[in-house]
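Beneath this line is the structure, given in structure tokens, with notes to follow.
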Amino acid sequence: MAIIALEKMMFHACHGCFEEENIIGNQFEVSLQMETDTSQVERTDRVEDTVNYAAVYELVKKEMSVPSKTIENAAARILNCVHNVFPQVTRITVKLSKLHPSLGGEVKRASVTIVHFSEQ
């Protein structure tokens, strides 16, 4: 087993419950960890035998472009999308952070981390 990680992917998106967040948007950071069996690709060195990082990035990018009122919803959509496309991943962890959220004071980030385990 191995953990494949895409760390600190940056997106401008319109997630939030305030009207201005849906118009102006905000900066978001997404990190993703995927646990999967890499024994085959270790032998073959073929991209087809592993989780394609570029494809995962495109899935995250697509889900980040869909507005949500909460980062929990956006993170869950990312997790479900990656799991549906790459069912060989046995554990997925998504951390989604809104940078400098509008909370009435100085806050560097608000984050949610969602973990999914698959029975295989």
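All of the numbers you see were taken from the coordinates with simple rules; none came from a lab. It should be emphasised that the depicted structure is a prediction, and the values quoted were computed from it without experimental measurement. Cβ coordinates were reconstructed from backbone atoms using ideal geometry, including for glycine residues, and neighbour counts include every protein chain displayed.
Taking the chain as a Gaussian network of alpha-carbon nodes connected by springs under 10 Å, the highest mean-square fluctuation of the residues Thr90, Thr36, Thr44 belongs to Thr44. Rounded to the nearest 0.05, what FRET efficiency is calculated for Asn22 and Val115 with R0 set to 30 Å and r the Cβ-Cβ distance? After rounding, the FRET efficiency stands at 0.60. Charges on Cβ only, +1 for Lys and Arg, -1 for Asp and Glu, centred on the Cα centroid of the stretch 2-117; of Val66, Val41, Tyr53, which one is farthest towards the dipole's positive end? Checking the options against the dipole of the stretch 2-117, the answer is Val66. The separation of the stretch 64-78 from the stretch 1-46, counted between C-alpha centres, amounts to 12 Å.
Applying both filters, DSSP loop and at most 13 other Cβ atoms within 10 Å, to the trypsin sites (Lys or Arg not before Pro) of the stretch 1-108 gives Arg46, Lys69, Lys108.
The charge dipole of the chain, taken about its Cα centre with unit charges on the Cβ of Lys, Arg, Asp and Glu (plus for the first two, minus for the last two), comes to roughly 200 debye. Mind checking which of Val56, Val94, Val66 has the largest fluctuation in a GNM of the chain, springs on alpha carbons under 10 Å? Looking only at Val56, Val94, Val66, the largest GNM fluctuation is found for Val66. Checking every one of the GluC sites (Glu not before Pro) in the stretch 58-120 against DSSP loop status and a limit of 10 other Cβ atoms within 10 Å picks out Glu106, Glu119.
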